[in-house]
Amino acid sequence: MKFFVDTADPDEIREAATWGVLAGVTTNPSLYARIGGKLADFPSHIQQICSIVDGPVSVEAVGNTRDELVAEGLRLAALAENVVIKLPIGTEGLAACRILTDQGIAVNMTLVFSVPQAVLAARAGASYISPFVGRFDDIGEDGISQLADIIDALSNYDWRGFGINDQEPQVIAASIRSVHHVTQAALLGADIATIPFAVLKKCLDHPLTEQGLAAFAKDWEKVIA
Ligand code: E4P
C-alpha cells in the first residue's frame, strides 16, 4: 500500500517526505481553508506542495457543470506536472473525467460512497478512485466494509483501455480517521491510503516499541567499555 498524506499544510508534507515513504498528497477545499489559505495564493500554494512531494498531488476542481469542471481541471493541471484533478462523482464529474482523461490528465474521483459510483468512475477512466471511509462511518454505516466491496467489485474486471496509458484505476482509501482504518485498508489491499498527518504519525506508535527502546538504551549503558 502506498502512503499519501491528506493535508494542504506544506510543513506536514515536508516532514512526512523526510521519512522516505511518502508517495503522494491529497488536498481539498476544506483542508486549504483549515490552514487559512487565501484564494489568490492557491496556485502558488499548489506549486509549492508539488515541488515538495515526488508523486501525485490531488487538487479539487470546483464547479457545477462539466464545462466548469473541465476548465478548472485544465487550469489546475497546468500548475505542475504531478497535479491530479479531483472531481466529485456525479453526472458532471463523470463527463469531465472522460474529457480530461482523454487529454492525458489524471483524475481522482472523490466523494465515492458506493460500488456503482466506483464502477462508473472506473468506466469514465479515473486514474484514482477515493471511497470515503470515515464519512461513511459518520452516518452510522460501515466505511471499511464499503471499501472492501468497492475493491472486490473493481477486481472483477480488466479496466485497461479506459484510463490513461492502459493503466487500471488505483483505489485510495480516503477519509481515514484512525490507525484501525489504516490497518483495515492494508488488509483489504487498497492501493493507497491517504492519511491525515497526525494519524500517519500514530501509525508508528506502539507502547511495546517504546518500552523495548527504553530497555535497550538502559542495557546499552551496562555494556562494558
Ligand atoms: C480525500 O481525498 C479527502 O481529502 C479526505 O480524505 C477527506 O477526509 P475527511 O472526511 O476526514 O474530511
For segment 1-34, the count of residues that are touching a residue at least 12 places away in the same chain (Cβ under 8 Å) and farther than 30 Å from residue 151 by Cα equals 4
Exactly one of 191, 137 is charged (D, E, K, R), farther than 27 Å from residue 75 by Cα and away from the ligand (no atom under 11 Å from the Cβ), and that residue is 191
Within segment 71-96, the residues that are within 16 Å of the ligand (Cβ to nearest atom) and of a type in the set (A, V, I, L, M) are 76, 83, 84, 85, 87, 89
request  = Inspect all residues belonging to segment 120-138 and state whether any of them is touching a Phe, Trp or Tyr at 6+ places or on another chain (Cβ under 9 Å), modelled with pLDDT of 95 or more and β-branched (Val, Ile, Thr).
outcome  = no
When restricted to 93, 104, the only residue in contact (Cβ under 8 Å) with a residue 12 or more places away in the chain, on the phi > 0 side of the Ramachandran plot and not aliphatic (A, V, I, L, M) is 104
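Which one of 127, 175 is in contact with a Lys or Arg (Cβ under 8 Å, 6 or more places away or on another chain), within 15 Å of the ligand (Cβ to nearest atom) and closer than 29 Å to residue 70 by Cα?
From the options 127, 175, the qualifying one is 175.
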From the option list 51, 44, 58, single residue qualifying as among the polar types (S, T, N, Q) and surrounded by 21 or more Cβ atoms within 10 Å (Cβ to Cβ) is 58
Here the residues within segment 194-209 that are among the charged types (D, E, K, R) and either within 15 Å of the ligand (Cβ to nearest atom) or under 19 Å from residue 14 (Cβ atoms) (or both) are 201, 202
Can we say residue 37 is touching a residue at least 12 places away in the same chain (Cβ under 8 Å) and touching a strand residue (DSSP E or B) at 6+ places or on another chain (Cβ under 9 Å)? no
Every listed condition ((1) under 27 Å from residue 199 (Cα atoms); (2) loosely packed, with under 15 Cβ neighbours inside 10 Å) holds for residue 64 save (1)
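Listed here are the residues, each with its yes/no results for (1) among the polar types (S, T, N, Q); (2) surrounded by 11 or more Cβ atoms within 10 Å (Cβ to Cβ); (3) free of Cβ contacts under 8 Å to residues at least 24 places away in the same chain; (4) within 24 Å of residue 22 (Cβ to Cβ).
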{"site": "176", "(1), (2), (3), (4)": "no, yes, no, yes"}
{"site": "183", "(1), (2), (3), (4)": "yes, yes, yes, yes"}
{"site": "195", "(1), (2), (3), (4)": "no, yes, no, yes"}
{"site": "207", "(1), (2), (3), (4)": "no, no, yes, no"}
{"site": "214", "(1), (2), (3), (4)": "no, no, yes, no"}
{"site": "219", "(1), (2), (3), (4)": "no, no, yes, no"}
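Among the candidates 57, 62, which residue alone is in contact with a Cys (Cβ under 7 Å, 6 or more places away or on another chain), under 22 Å from residue 124 (Cβ atoms) and of a type outside the set (Ser, Thr, Tyr)?
Selected residue: 57, the only one of 57, 62 that is in contact with a Cys (Cβ under 7 Å, 6 or more places away or on another chain), under 22 Å from residue 124 (Cβ atoms) and of a type outside the set (Ser, Thr, Tyr).
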Per the filter on segment 1-48, residues charged (D, E, K, R) and away from the ligand (no atom under 16 Å from the Cβ) are 11, 14, 15, 38, 41
Exactly one of 179, 107 is under 25 Å from residue 197 (Cα atoms) and either in contact with a strand residue (DSSP E or B) (Cβ under 7 Å, 6 or more places away or on another chain) or among the hydroxyl-bearing types (Ser, Thr, Tyr) (or both), and that residue is 107
Of (1) more than 15 Å from the ligand (Cβ to nearest atom); (2) closer than 21 Å to residue 3 by Cβ; (3) surrounded by 20 or more Cβ atoms within 10 Å (Cβ to Cβ), residue 109 fails just (1)
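The values are calculated or read from the model by the stated rules, or taken from the named source; none is laboratory data. Owing to the predicted nature of the structure, the values given are computational and were not obtained by experimental measurement. Virtual Cβ from ideal backbone geometry, glycine too; neighbours counted across all protein chains shown.
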